[in-house]
Amino acid sequence: MTITRTSVRRGSLITAVLALLCSAFLVLPANADPLPFDDCPANTLCLYSGTGGTGEREDFTDRENRETYDAAWDDKTLSAKNNTALWACVYVEARYGGKLQTIKPGNDDEYATDPSFNGAISSHKLVPSRAHCFTGYERCPDNRVCTFTQERGRGAMSAHLPATDPVTGNYGNSYGTEAAPKSVFNRTRKHVCFYPEPGYTGTWTTDPTDPAERTYGAFVVLRGDSTTVPKPYTGTFRSHELVNGTSECQ
């Protein structure tokens with residue numbers, strides 16, 4: 001049998017390839033280290049006490065929004081993995097307040113290098129779009145007037161159940177300075193008139209130093225509307241009443 005030069009070359013080439021494959025398998029480590037955040041389960045937001053997905057891990061399913069953490073985990077997060085199909089919103093204050101960061105579905109994030117977020121995360125929520133991270137109005141129950149201590153429905157919320165005042169006869173609520181609302185959601189079927197005094201009275205002026213300044217007796221939020229409260233009303237509401245028409249405001 002005659003072996004041609006072509007057959008010799010082909011055999012040599014196959015031998016070389018096999019040798020390379022064998023050497024490649026031999027240099028593979030027996031126990032490769034896991035990739036960062038690789039331990040985060042599916043459909044889960046994982047928060048870590050260390051950078052790069054290290055340290056202790058706290059898991060939340062894609063149905064678990066937390067306005068506060070318990071004392072053992074509050075202000076402890078240094079990195080996070082959003083292994084869900086939703087956007088993750090993390091906040092430095094409880095009840096979706098203060099500065100925030102957003103994490104795309106499937107992405108991870110680090111907080112140790114930013115003084116504003118380093119060990120400062122206190123609440124989170126998972127939402128269908130990034131825009132939902134910047135508001136918190138969805139917490140307001142039906143048939144309530146909700147006031148919030150921060151803009152756009154964020155921060156601590158008070159859900160007011162309307163009642164008839166036995167003295168004034170006003171149908172609404174009166175409260176002290178603890179509410180200090182900066183945004184409101186009127187989730188009732190009536191309009192709401194807000195006042196600067198607890199007894200459904202008082203006025204605001206736009207600018208006392210301006211000869212053309214105007215005086216207002218009520219700040220109105222129509223039924224179903226939500227808004228961030230502008231100056232000079234910000235943080236000054238002390239009572240509100242529900243009315244059928246805005247002409248009924250005091």
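When only residues in the stretch 87-110 that are among the small types (G, A, S) and in a loop (DSSP other than H, G, I, E, B) count, which is surrounded by the fewest Cβ atoms within 10 Å (Cβ to Cβ)?
So the first thing to find is which residues in the stretch 87-110 are among the small types (G, A, S), and the list is 88, 94, 97-98, 106.
Next, from what is left, pick out any that are in a loop (DSSP other than H, G, I, E, B): 94, 106.
Numbers: A94: 16, G106: 10.
Among them, the one singled out is G106.
Kindly check whether there is at least one residue in the stretch 229-244 that is assigned by TED's automatic domain parsing to the domain that holds R152, out of contact with any His (no Cβ under 9 Å at 6 or more places or on another chain), surrounded by 12 or more Cβ atoms within 10 Å (Cβ to Cβ) and modelled with pLDDT under 90. Yes; the residues of the stretch 229-244 include at least one that is assigned by TED's automatic domain parsing to the domain that holds R152, out of contact with any His (no Cβ under 9 Å at 6 or more places or on another chain), surrounded by 12 or more Cβ atoms within 10 Å (Cβ to Cβ) and modelled with pLDDT under 90. Listed by first and then second residue, the pairs with beta-carbon distance under 6 Å, at least 6 apart or on different chains, first residue in the stretch 47-76 and of a type in the set (F, W, Y), second in a loop (DSSP other than H, G, I, E, B), are Y48/G55. Considering every residue within the stretch 110-122, establish whether at least one is more than 26 Å from D38 (Cβ to Cβ), under 15 Å from the mean Cα position of the chain (by Cα) and at pLDDT 95 or above. Yes, that holds for at least one residue. Of the residues in the stretch 111-124, at least one is among the aromatic types (F, W, Y) and not in a helix (DSSP H, G or I).
In the stretch 125-158, the qualifying residues are those that are polar (S, T, N, Q) and assigned to a strand (DSSP E or B), and the one that is surrounded by the fewest Cβ atoms within 10 Å (Cβ to Cβ) is S158.
If I filter the stretch 111-134 for residues that are within 23 Å of K231 (Cα to Cα) and either in contact (Cβ under 8 Å) with a residue 24 or more places away in the chain or assigned by TED's automatic domain parsing to the domain that holds A180 (or both), do I get at least one hit? Let's see the steps before the verdict.
First pass over the stretch 111-134, keeping only residues within 23 Å of K231 (Cα to Cα): 134.
Going one step further and asking which of them are either in contact (Cβ under 8 Å) with a residue 24 or more places away in the chain or assigned by TED's automatic domain parsing to the domain that holds A180 (or both), we end up with 134.
Yes, the stretch 111-134 has at least one match.
Against the definition (touching a Pro at 6+ places or on another chain (Cβ under 8 Å) and surrounded by fewer than 20 Cβ atoms within 10 Å (Cβ to Cβ)), how does Y216 come out, yes or no? No.
The values are calculated or read from the model by the stated rules, or taken from the named source; none is laboratory data. Keep in mind it's a predicted model, so treat the numbers as computed, not measured. A quick note on method: Cβ atoms are made from the backbone with ideal geometry, for glycine too, and the neighbour counts reach across all protein chains shown.
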